[in-house]
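Undergrad: Here it is, the structure, as structure tokens.
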Amino acid sequence: MLTGQFSPDGTQIATGGGDFMLRFWDVATGELISEWNAPDWILRLGFSPDGKRVFTTSKDGTVTIWDSERGDALITLATHADAEVWSAEFSPNGNSLLAVGKQPYLWHVASPSTVRTAQGLVTDGLQCEPLRVVKQADGE
């Protein structure tokens, strides 16, 4: 296991790691609630503020947004360089996701076709590049 986080309501814990599995655990009982296959190692994960979505970042350079109740992968994003995405975080209102690997990227959750660089953020002197949409749940 490489990462874990409590759900916003504190009733579940999500965990992930090198076995490509995203798991949800009941805090009160310690029992496994569900598990889903991720595309690669899960380096980081986190819940949206409302708890309805979970992101995972992967060693293959992707960020996947999941429906936390159904287990559906809603959208998968990839960095331009297919480098590891080390960290990510939903904005406080859940409308945006900031992903950081070798460069920072900002994605608007409500509008998958609207992806932009995190303007003004620079990592190791590199210029920001946009994420690209790899796959959406509706097939677009």
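Undergrad: Just grab the label-to-label distance for residue 33 and residue 60, each label 7 Å out from Cα along the Cβ direction, in nm (one decimal).
TA: Result for the modelled spin labels: 2.6 nm.
Undergrad: Could you list which residues have their amide H under 5 Å from that of residue 78, counting only those 5 or more apart in sequence or on another chain, with H placed in the peptide plane?
TA: Amide H neighbours of residue 78: 63, 132, 134.
Undergrad: Just to verify a number: FRET efficiency for residue 102 and residue 69, C-beta to C-beta distance, R0 = 25 Å, to 0.05?
TA: Calculated value: 0.15.
Undergrad: Apply the Karplus parameterisation 6.51 cos²θ - 1.76 cosθ + 1.60, with θ equal to phi minus 60°, to every residue of segment 25-42 and state each ³J(HN,Hα) to the nearest whole Hz, in sequence, with x for glycine and proline.
TA: After applying 6.51 cos²θ - 1.76 cosθ + 1.60, I find 10, 7, 5, 5, 9, x, 7, 6, 8, 7, 8, 10, 7, 9, x, 6, 3, 9 Hz.
No value in this document is a laboratory result; all are computed from the given coordinates. As the structure is a computational prediction, the values presented were derived from the model and not from experiment. Cβ atoms come from the backbone with ideal geometry, glycine included; neighbour counts cover every protein chain shown.
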